[in-house]
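Below is one structure, written out as C-alpha cells; comments come after it.
The values are calculated or read from the model by the stated rules, or taken from the named source; none is laboratory data. Here the structure is a predicted model, which is why all the values come from computation and not from measurement. Note: ideal-geometry Cβ built from the backbone for every residue, glycine included; neighbour counts use all protein chains shown.
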Amino acid sequence: MYLPDGVKDYLSDELMIKRKIEFKLRELFISWGYEEILPPSFEYYDTFKNTLRSIDEKDIFRFFDKEGDILALRPDVTTQIARIIAARYKDNMVKRFCYITNVFRYDEPQAGRLREFTQGGIELAGIKSDEADAEVIALAIRALNDIGIYDFKIDVGQVEFLDGFFEDLHLRDELVEKLKLYVSMKNLSGLERYLDELDIDVSVKQLLLMLPELFGGYEVLDKARAMTSNRKALDAIENLRGIYSVLKDLEMDRYVIFDLGTTQKLNYYTGIVFKGFVRDIGYGILAGGRYDNLVSNFGINRAAVGFAIGIERAMLALVKQHGDGVNLPKKTLIIYSRAKIKDAFLKAEEMRKEGKIVELALNSDSSRYDLQRYSDVISLL
C-alpha cells in the first residue's frame, strides 16, 4: 500500500525529534503567558474562503457533510483563532494564545512542507504597539534558540511602507501588484526590463529601482525615509524603528535584518511582517506579522499580531546545523535470563523512576536487538 502525495509516516527517531521540538515550544509559549488552544481540524469552507483570498481555492481540501454543507480542512490556524476571538472574547481585553497543530494545503510538496504539516505558533490580540510587535519577534527568536537553532536571521518588513510609497505614484492597481512582486523577489534585472516597457517618468523609474535594495541593517530605514514623504510609509518606518529599539534593549538586534520590499503570501497582514531564515537553507522556517483587520471579518475590531514555526522545517534545520549530533533520548537495554526476570523488572523500574528509558530483552531474544541503538546494555544472566 502506498500513501497519497503530500503525507508521510513518522517513525520512532524522527517522531522523537518532532515531539521534542513541540514540547519545548509548548513549554516556552506557556511560560510567556500564552494559553494553549486547539481549534477543530475542519470548519465550514466559508470561514476560510472569505478571509484567505491569497490561498487558491484549489489548495484547500474541501468535502461535503451529510447535509450538503461544504467543509474544509484548515489551511491556516490564524484565521481560526480570529474566529474564536470574535466569538468568545468580545471584551477587548488582551489575549495571548498558542497552538501546536496540523495544517492542510494542497500545495506541491517541498522540503519540510508536505500537504499535511505541523505548525507551532502564538497570537497576541488586543494590543497595537511597537512593544507588542517586538514581543512577538523576541519570542520567535527565543523559540528558535530553545529548540537548538542559532544561525538564523529574522527578515522584518512593513507592508504599509510599500502601500504608502505607491500611493503617491498613482499607478494602476494591477501594475502596482506586478511591481511589488519584482521588488519582493529582489529581481532587479526583471524589474528594470519591466519598467522599460512602461510609460513612466525616468525619475520614478530610478526610484522604483531602489526598492529591491532596501534590505540590510538599521541604515536601510534611513535610506527608505529619504525616498518618500507619504505619511503611511513614514509611519511604517517609525514602527520598525520602535521595534528595533526594543529588540536592541533585549540584545536581540543581531538577529534582525530589515526588508522594506517584503510581502507575505497571506493577504491579511496590515503592519509588520517577518520571516525567519536559517543559514544554508533556502526556505523560511517561520513567518508572522500584524493582522489588525482579520478579526473584523468575524464581526468585531481587534488588533492582533503573531507568528508560526513550521515544525518539519525546524527539524530539517536542526539536522542541517547539528548533523548526526541531534540529541535523541538515550536508552538502556537489560538482557536477562528466565531465572533473573524478577531482578530485571525491579532494576528496570528503579531506573525508570530516575527518568531513564529502559527496555527488557530475554537472553534468547537478544540477538534480534540492535545493540548500537542503546547507550548502555546491562546483563542479568
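Let's see how each residue does on (1) assigned by the TED database to the domain that holds Glu131; (2) touching a His at 6+ places or on another chain (Cβ under 9 Å); (3) closer than 27 Å to Arg88 by Cβ:
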residue: Ile300; (1), (2), (3): yes, no, yes
residue: Ala303; (1), (2), (3): yes, no, yes
residue: Gly306; (1), (2), (3): yes, no, yes
residue: Arg313; (1), (2), (3): yes, no, no
residue: Leu316; (1), (2), (3): yes, no, no
residue: Ser337; (1), (2), (3): no, no, no
residue: Lys342; (1), (2), (3): no, no, no
residue: Phe345; (1), (2), (3): no, no, no
residue: Ala348; (1), (2), (3): no, no, no
Filter result (in contact (Cβ under 8 Å) with a residue 12 or more places away in the chain, part of a helix (DSSP H, G or I) and loosely packed, with under 14 Cβ neighbours inside 10 Å) within the stretch 219-234: Arg231
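Across the stretch 145-200, which residue is farthest from Ala317 (Cα to Cα) among those that are among the acidic types (Asp, Glu) and touching a residue at least 12 places away in the same chain (Cβ under 8 Å)?
By that ranking, first place goes to Asp168.
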Quick one: how many residues across the stretch 300-340 are in a helix (DSSP H, G or I), within 22 Å of the chain's Cα centre (by Cα) and aliphatic (A, V, I, L, M)? 7
Identify the single condition in (1) touching a strand residue (DSSP E or B) at 6+ places or on another chain (Cβ under 6 Å); (2) part of a helix (DSSP H, G or I); (3) among the β-branched types (Val, Ile, Thr) that Ile237 does not satisfy, given that it satisfies every other one. (1)
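Being out of contact with any helix residue (DSSP H, G or I) (no Cβ under 7 Å at 6 or more places or on another chain) and under 24 Å from Gln158 (Cα atoms) is the filter here, so list the residues in the stretch 188-202 that pass it.
Those that are out of contact with any helix residue (DSSP H, G or I) (no Cβ under 7 Å at 6 or more places or on another chain) and under 24 Å from Gln158 (Cα atoms): Ser189, Glu192.
Yes/no per residue for (1) within 24 Å of Glu312 (Cα to Cα); (2) out of contact with any Ser or Thr (no Cβ under 6 Å at 6 or more places or on another chain); (3) touching a residue at least 60 places away in the same chain (Cβ under 8 Å):
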{"site": "Phe64", "(1), (2), (3)": "no, yes, no"}
{"site": "Gly68", "(1), (2), (3)": "no, yes, no"}
{"site": "Ala87", "(1), (2), (3)": "no, yes, yes"}
{"site": "Glu108", "(1), (2), (3)": "yes, yes, no"}
Filter the stretch 326-337 for residues that are within 15 Å of Lys18 (Cα to Cα) and surrounded by fewer than 13 Cβ atoms within 10 Å (Cβ to Cβ); the one that is modelled with the highest pLDDT is Pro329
